[in-house]
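A quick write-up on the structure given underneath.
The values are calculated or read from the model by the stated rules, or taken from the named source; none is laboratory data. If you're wondering where the values come from, they're calculated on a predicted model, not measured in any experiment. Glycine gets a Cβ as well: all are built from the backbone with ideal geometry, and neighbour counts include every protein chain shown.
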Amino acid sequence: MTIKKIGLLGAGTMGQGIAWAFAAAGKEVILYDIKQEFCDRALNAIGKSLEKSEQKGRVPAGTKAAVVSKIIPTGKFEDLADADFIVECVFENMDVKKDVYTRLDALLKPEVIISTNTSSLPITEIAAFTKRADKVVGMHFFNPANVMKLVEVIPCLQTSEATLDVVTALSAEIGKTPVRVKEGPGFVVNRILVPAINEGSQILYENLATAADIDTAMKLGAGWPMGPLELCDLVGADIALAVMNTLYGETGDPKYRPSTLLKQQVRAGWLGRKTGKGFFQY
């Protein structure tokens, strides 16, 4: 199965990175969001980052032009109709997913696979919104998606082996390392990592150490490249809270209960880098 054109839904932080990763591998990307300006902003951000990288000699001259030329920003849902493959990374809300997948199912060619970048929502439920459940699969990238090598490939109950083979091959084709994971709340990385972020938040709430000292302790004591609170600011407190709520709701295990401070920060709109304030100021 030859995949040349990727339809990508969501031009936020993850969508931007995923679009970059596919375009850098030579794929044409139709980048869709509900407003054209969101897509234009994402494409502009990619261009600026690559321009800086070219100036510093980190990438060859002409990389910016090559990557940006492969990404077509659009606010028109129907522009996704010609895609050979779909990556969905819209807001982590099941009602939103249901609307998107119902519309995609009616729009796309019947052979097109729809992959979701969901961090924690049950893919089996998402697949049931379509009439092509065997062609729905988890394809979980990590932030920043243009840099991070891992892709968790997650089959749901309905996913066919043929679909898994295509997604695994496509992941490798764009320079990623696919790891197959059974469906379960949080999958592998988030099942381990986000509760650690949550615990760091709770330690700060209990005033056992400062935010900077918590991060320093984990970097120097556990070899983490960045501390849990800095990582939360990168990922987004809203995303971390959504994962914790899903882990807690799916398992009922109190060890996954969201931190009081994490909930407060989301209520305050202090989501991290994307809002200029989180556990640290930006």
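Scanning region 246-282 for residues that are assigned to a helix (DSSP H, G or I) and under 13 Å from residue 236 (Cβ atoms) turns up 262, 265, 266. Residue count for region 122-159 satisfying the condition of being of a type outside the set (A, V, I, L, M) and either at positive phi or touching a residue at least 40 places away in the same chain (Cβ under 8 Å) (or both): 9.
When you look at residue 92, is it of a type in the set (D, E, K, R), touching a residue at least 12 places away in the same chain (Cβ under 8 Å) and under 29 Å from residue 246 (Cβ atoms), yes or no? Here the answer is yes, as residue 92 does meet what is asked. You will find that of 92, 152, the residue that is within 15 Å of the chain's Cα centre (by Cα), surrounded by 15 or more Cβ atoms within 10 Å (Cβ to Cβ), closer than 30 Å to residue 259 by Cα and at pLDDT below 95 is 92 and no other.
Annotation note: Cβ proximity below 8 Å between a residue of region 45-70 that is under 16 Å from residue 25 (Cβ atoms) and a residue that is not in a helix (DSSP H, G or I) (sequence gap 6+ or interchain) occurs for 46/71; 50/59; 70/26; 70/27; 70/28; 70/29. Residues of region 160-182 being among the β-branched types (Val, Ile, Thr), more than 15 Å from residue 117 (Cα to Cα) and either in a loop (DSSP other than H, G, I, E, B) or modelled with pLDDT under 95 (or both), which ones? Scanning region 160-182 gives a single hit, 174. Per the listing 25, 42, 19, the residue uniquely among the aliphatic types (A, V, I, L, M) and either at pLDDT below 95 or surrounded by fewer than 22 Cβ atoms within 10 Å (Cβ to Cβ) (or both) is 25. The residues of region 19-49 that are of a type in the set (Val, Ile, Thr) and either touching a strand residue (DSSP E or B) at 6+ places or on another chain (Cβ under 6 Å) or farther than 27 Å from residue 169 by Cα (or both), listed by number, are 29, 30, 34. None of 225, 258 is in contact with a Lys or Arg (Cβ under 9 Å, 6 or more places away or on another chain) and either closer than 26 Å to residue 187 by Cα or buried (at least 21 other Cβ atoms within 10 Å of the Cβ) (or both) except 225.
Here is a check on your reading of the model: is residue 185 outside any helix (DSSP H, G or I), out of contact with any strand residue (DSSP E or B) (no Cβ under 7 Å at 6 or more places or on another chain) and not aromatic (Phe, Trp, Tyr)? The answer is yes for residue 185.
For region 55-68, check the following and say yes or no: at least one residue is within 20 Å of residue 151 (Cβ to Cβ), buried (at least 16 other Cβ atoms within 10 Å of the Cβ) and at pLDDT 95 or above.
Our first condition is that a residue be within 20 Å of residue 151 (Cβ to Cβ); within region 55-68, this holds for 67.
When the remaining residues are screened for being buried (at least 16 other Cβ atoms within 10 Å of the Cβ), the result is 67.
Filter again for at pLDDT 95 or above, leaving 67.
Within region 55-68 (the criterion being within 20 Å of residue 151 (Cβ to Cβ), buried (at least 16 other Cβ atoms within 10 Å of the Cβ) and at pLDDT 95 or above), the answer is yes, since at least one residue qualifies.
Please count how many residues of region 250-279 are of a type outside the set (A, V, I, L, M) and in contact (Cβ under 8 Å) with a residue 12 or more places away in the chain. Count: 16. In region 1-16, the residue that is surrounded by the fewest Cβ atoms within 10 Å (Cβ to Cβ) out of those that are at pLDDT below 95 and not aliphatic (A, V, I, L, M) is 2. Among residues that are in a helix (DSSP H, G or I), over 17 Å from residue 148 (Cβ atoms) and of a type in the set (Lys, Arg), residue 219 is included. Among the candidates 219, 277, 176, which residue alone is in the same structural domain as residue 158 (by TED's automatic domain parsing) and not acidic (Asp, Glu)? 176 is the lone residue from the list that is in the same structural domain as residue 158 (by TED's automatic domain parsing) and not acidic (Asp, Glu).
You will find that of 253, 215, 233, the residue that is more than 17 Å from the chain's Cα centre (by Cα) and crowded, with 18+ Cβ neighbours inside 10 Å is 215 and no other. Restricting the search to strands (runs of 3 or more DSSP E) fully inside region 36-155 and requiring at least 3 residues that are over 12 Å from residue 9 (Cβ atoms) gives 71-74, 136-140, 150-155.
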